[in-house]
């Protein structure tokens with residue numbers, strides 16, 4: 001495999017769990033030795049408030065997200081990613097409970113309301129409620 005590798009690439013040998021060795025090609029500009037970003041550790045109080053806000057609305061955006069981030073002394077990105085991860089967690093059935101948590105009526109109604117408001121905004125529809 002190491003023949004015909006472009007000059008701007010580097011070859012990295014990786015050993016799999018089964019002992020097999022594979023050669024992977026990456027651009028030289030990719031810094032494979034840079035340290036990973038430290039994982040965010042949320043306090044118990046931050047988690048409590050994040051969970052409460054998620055139950056109210058699993059799609060927190062804009063000023064609501066800015067305010068929550070400021071109140072919790074987090075960045076908007078940290079709050080955004082926490083909400084994304086929590087939605088993903090609810091979409092996946094757990095090993096202990098094979099049902100899909102997206103059948104939770106509170107979560108379904110919040111998702112439906114969010115989708116409906118997006119559709120109304122995009123189409124310019126006015127709906128009487």
- [ ] Give the order of 5, 21 when sorted by the count of other beta carbons within 10 angstrom, beginning with the fewest.
- [x] 21, 5
- [ ] For region 12-60, take the alpha-carbon Rg, divide it by the Kirkwood Rh, and send me Rg/Rh.
- [x] 1.31
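Based only on the alpha carbon positions, what is the Kirkwood hydrodynamic radius of region 1-92, in angstrom? Write down the numbers at each step before the final one.
Numbers: mean 1/r = 0.0591 Å⁻¹.
Radius from the Kirkwood sum: 16.9 Å.
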- [ ] Compute the FRET efficiency between residue 9 and residue 37 as 1/(1 + (r/R0)^6), taking r as their Cβ-Cβ distance and R0 = 25 Å, and round to the nearest 0.05.
- [x] 0.50
Open item on the list: List residues of region 30-50, by number, whose backbone nitrogen lies under 14 Å from a label position 7 Å along Cα→C-beta of residue 88.
Closed with: 40
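Values in this text are rule-based calculations from the coordinates and carry no lab data. Everything numeric here is computed off the predicted structure, so don't read it as measured data. In this analysis, Cβ positions are derived from the backbone assuming ideal geometry, glycine residues included, and neighbour counts consider all displayed protein chains.
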